[in-house]
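Read the structure below first, then the notes.
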Amino acid sequence: MKFCGQLLKMTTQNAKPIQYYLNLSHDLINMNQLFGKKLKWKHVGFDCVACGGDERIFRMGFCKRCFYESPYASDTIIRPELSTAHLDIGDRDLEVEKAMQLHPHIVYLAYTGDVKVGVTRRSQIPTRWIDQGATFALPIAETDNRYEAGMIEVAMKEHLADKTNWRKMLEDDYEDDLDLADFREKVKEYFPDNFKNFYSHAHEMMRLDFPYEAPEKITSVSLDKNPEFEGVLRGIKGQYLSFDGGTFLNVRAHEGYVVELEI
Ligand SMILES: [Zn+2]
C-alpha cells in the first residue's frame, strides 16, 4: 500500500496501550497495527500548515514567513507568560489569541526522563503528555487563563527542567517508586505569592502506557538528511516512531513535510 500526503503530528487515543494514528493529509493510519512491518518513507515536498505554500518548513510546520506572522505560531505558544489576551491586548491577532489563551489551563509535572514542569490547556490533557512521551504526569495547578499558568511555570523553572531531553525520554529509565505527588509537595513553596490560590492537590498521578520498549542504542533520523529511509516499526513513544536497530523518526519535527509512505 502506498500513501502520500502532508504530515501532521500523530493523533492519539489514550488506551492500554496508547493508540497512534499517522495523520497524512487527514487520512488516519493506525500505526499500532503496523508493528513488525517495514515502512518506506520518501520526502517529496513541503506544505506549510498555515499558507499551504511549498517553501521549506522553518519551524513547527510553518514556512519562515508564517512562523513570524501567524497567530498560531506566536511567542506565547512557547512562552505562556507573555500572554496578554486577558488584558485585551493583542500580539498578532487578538481574537485568535483570546480563543487560545482565555481558557482554563493546567500547570503539571511530567516525567520524561527528568521531572519537568509544563503548561497546557485543560482540554489538551492527556494528549499533551502523550505527545511529550511522559511516562507519568500530575497537574499541580488549575488556572483561568494561559498567562497565570505561564507565570507559575516561570517560577517553577528555577527549580525544575522545562524542556524534554528526547534521548532520556526514549531511554525510558525510571525508579519504580517515582511519585510526582512528592515533588508537588516540594514545589508548592515556589509558587509566586499572588498565584498560590491556583495550587491544586486534587489530582492523582497518571501513568501512560506507551506501545514501546527502549532499544539498546538510540539514534534519530531526519528527512532533511535522509529523504529516503526505511525500517521495521517496533514501537512508539511521544511522537517518535521506533524502528529496528534503534533508529527514531520524530513525526512532530516533520509537520508540514509531504511524504510518500509505502507499507
Ligand atoms: Zn506559510
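The values are calculated or read from the model by the stated rules, or taken from the named source; none is laboratory data. Please read these numbers as outputs of a predicted model, since none were measured by experiment. Note that we place each Cβ from the backbone using ideal geometry, even for glycine, and neighbour counts take in every protein chain shown. For the accessible areas, the whole protein counts, side chains as well, though only heavy atoms, and no ligand, DNA or RNA atoms are used. Shrake-Rupley method; radii C 1.70, N 1.55, O 1.52, S 1.80 Å.
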### Message
The conditions are (1) open to solvent by 20 Å² or more (accessible area, probe 1.4 Å); (2) over 22 Å from Thr12 (Cβ atoms), and Arg234 fails exactly one of them. Which is it?
### Response
(2)
### Query
If you go through the stretch 63-72 one residue at a time, do you hit one that is without any contact (Cβ under 8 Å) to a residue 12 or more places away in the chain and surrounded by fewer than 15 Cβ atoms within 10 Å (Cβ to Cβ)?
yes
### Query
Which number in (1) more than 20 Å from the chain's Cα centre (by Cα); (2) over 16 Å from Ile29 (Cα atoms) marks the one condition that Tyr257 misses?
(1)
### Query
Among all residue pairs at least 6 apart or on different chains, which show Cβ distances below 9 Å where the first residue, located in the stretch 35-53, is free of Cβ contacts under 8 Å to residues at least 40 places away in the same chain and the second is of a type in the set (Phe, Trp, Tyr) and not in a strand (DSSP E or B)?
Ala50/Phe67; Ala50/Tyr72
### Query
With respect to the numbered conditions (1) within 11 Å of the ligand (Cβ to nearest atom); (2) open to solvent by 60 Å² or more (accessible area, probe 1.4 Å); (3) among the aromatic types (Phe, Trp, Tyr), which one is the sole condition not fulfilled by Phe35?
(1)
### Query
Is at least one residue of the stretch 49-65 more than 16 Å from the ligand (Cβ to nearest atom) and of a type outside the set (Lys, Arg)?
no
### Message
Take the conditions away from the ligand (no atom under 16 Å from the Cβ), open to solvent by less than 30 Å² (accessible area, probe 1.4 Å) and of a type outside the set (Asp, Glu) and apply them to Leu7. Does it pass?
### Response
no
### Task
Look through the stretch 79-90, keep the residues that are in contact (Cβ under 8 Å) with a residue 60 or more places away in the chain and outside any helix (DSSP H, G or I), and return whichever of them is surrounded by the fewest Cβ atoms within 10 Å (Cβ to Cβ).
Arg79
### Flag for Thr76 being away from the ligand (no atom under 16 Å from the Cβ), closer than 19 Å to Gln101 by Cα, surrounded by 15 or more Cβ atoms within 10 Å (Cβ to Cβ) and not charged (D, E, K, R)
yes
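Take the stretch 165-177 and flag every residue that is open to solvent by 30 Å² or more (accessible area, probe 1.4 Å) and at pLDDT 90 or above. Even if it seems obvious, please write down each step before you answer.
At the first step, the residues of the stretch 165-177 found to be open to solvent by 30 Å² or more (accessible area, probe 1.4 Å) are 165-168, 171-177.
Across the stretch 165-177, the qualifying residues are Asn165, Trp166, Arg167, Lys168, Glu171, Asp172, Asp173.
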